[in-house]
Amino acid sequence: MLQLGVIGTNWITRQFIEAVQTTHTFNLLTIYSRTVAHAQNLANQLAKPEVAITTDLTDFFNNPRLDVVYIASPNSLHYHYICQAIRAHKQVIVEKPLVSTRREFLKIQELLTQYPDVFVLEAARHIHENEFKLLQKQVHNLPQIDGATLVYQKYSSRYDLVLAGQEPNIFSPKFSGGALYDLGVYLLYDALCLFGFPQAAHYFPQMLATGVDGQGTIILQYPHFNATLLVGKISNSNLPSEIYSGKQTLSFSDGGTIRKIWNNYNTWQLNAPSHNPMLAEAQTFAQILTEHDQHQFQTLWKLADQVNQLLTQIRLTAKIKFAADRNEV
């Protein structure tokens, strides 16, 4: 049984813990939070009164019983937590985006060479689901690809705070926020898994007063087609994602949670039941960590590397700057 510690106490941490518990591979050992009240509230929601709570990061990472750290803090804090975990010989699962900048990614990659028994896994949950694998198979069976439109636009309740003149973490350059570094990560994973690495990439953002993008359009250029990615956190879209192949149009529900896939040409359709969206990645990560599966880790790390390259490139060319960029000079 892998002993799990979590950093971050919001809804996504609770959902992750509920998912990994079904694998019977992880046991929640400890919760780190800046406040005891937030950690205690999470423990209460999970009905886990026995779980240790700490507000001391040194104590958290020095716990000899701790095997795996799950990080769901604001984006800008990921890098330092990952480095601390690696140096403490803990396995790492971190919410996307893995880090804020290219330099941070390369520093972690270098650090991992010094700790070859440690894995760092980016929690891009949807690519592990059976629905996504079925989508990949359907794309592979298309006679050719003539273009694609991938969509993930979901109104964030935190945008109301922006409209009120505030700067919540997910819309703050201080915390590496914005639409691209949240929902856009899903769409880039989609494109890379379905089409490969593009020849060129461009981002046309709609900027907010806080200094980050609220929504925008990503154009990925491939040798024989373009893919248009629509991402947003300040509006809702009911458009499906589509992949074009002559008379055929392969469609699927939003690029982050695929529950429906259909093909207009042969009227083929899949409707998947609802389930915890983190269940598939929990099973994958359990297998990688228990079997120390270097091959699968390296496959996922290469993908995370490509996502980080694209994220950094299109963000900087779109002139979106984070506080984390100051360390790049």
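The values are calculated or read from the model by the stated rules, or taken from the named source; none is laboratory data. All of these numbers come straight from a predicted model, not from anything done at the bench. Counting neighbours? That spans all protein chains shown, and the Cβs are built from the backbone with ideal geometry, glycine included. Each accessible area value is taken on the protein alone, full model and side chains, heavy atoms only, with ligands, DNA and RNA left out. Shrake-Rupley method; radii C 1.70, N 1.55, O 1.52, S 1.80 Å.
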query = For the subset of region 67-122 comprising residues that are closer than 23 Å to Phe171 by Cα and of a type in the set (Asp, Glu), which member is surrounded by the most Cβ atoms within 10 Å (Cβ to Cβ)?
reply = Glu122
message = Let me spell it out: the conditions are (1) open to solvent by 20 Å² or more (accessible area, probe 1.4 Å); (2) closer than 28 Å to Thr217 by Cα, and Phe322 meets all of them except one. Which number is the exception?
response = (1)
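Pick out the one residue from Asp213, Asp182 that is of a type in the set (Asp, Glu) and in contact with a strand residue (DSSP E or B) (Cβ under 6 Å, 6 or more places away or on another chain).
Asp213
Just checking, how many residues over region 183-216 are in a helix (DSSP H, G or I) and within 18 Å of Ser157 (Cα to Cα)?
Qualifying residue count for the region: 2.
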query = Looking at (1) more than 27 Å from Glu291 (Cβ to Cβ); (2) open to solvent by 10 Å² or more (accessible area, probe 1.4 Å); (3) at pLDDT 95 or above, which is the one condition that is false for Leu187?
reply = (2)
query = Any idea which of (1) farther than 22 Å from Asn263 by Cα; (2) crowded, with 16+ Cβ neighbours inside 10 Å; (3) of a type outside the set (Phe, Trp, Tyr) is the one Ile145 doesn't satisfy?
reply = (1)
request  = Identify, by number, the condition in (1) of a type in the set (Gly, Ala, Ser); (2) in contact (Cβ under 8 Å) with a residue 24 or more places away in the chain; (3) surrounded by 16 or more Cβ atoms within 10 Å (Cβ to Cβ) that Ser251 doesn't meet.
outcome  = (2)
ask   = Can you tell me which of Leu180, Leu230 is among the hydrophobic types (A, V, I, L, M, F, W, C), under 18 Å from the mean Cα position of the chain (by Cα), part of a loop (DSSP other than H, G, I, E, B) and buried (at least 17 other Cβ atoms within 10 Å of the Cβ)?
value = Leu180
inquiry  = For region 259-276, check the following and say yes or no: at least one residue is without any contact (Cβ under 8 Å) to a residue 40 or more places away in the chain, touching a Gly at 6+ places or on another chain (Cβ under 9 Å), surrounded by fewer than 19 Cβ atoms within 10 Å (Cβ to Cβ) and under 21 Å from Gln138 (Cα atoms).
reply    = yes
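What helices (runs of 4 or more DSSP H) completely inside region 23-134 contain at least 3 residues that are free of Cβ contacts under 8 Å to residues at least 12 places away in the same chain and over 17 Å from the mean Cα position of the chain (by Cα)?
Details: elements: 36-45, 57-62, 78-87, 102-114.
The helices (runs of 4 or more DSSP H) meeting that bar are 102-114.
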request  = Under 6 Å between Cβ atoms, at least 6 apart or on separate chains: pull out the pairs that start in region 148-162 with a residue that is closer than 25 Å to Asp190 by Cα and at pLDDT 95 or above and end on any residue that is of a type in the set (Asp, Glu) and part of a helix (DSSP H, G or I).
outcome  = Leu150/Asp190
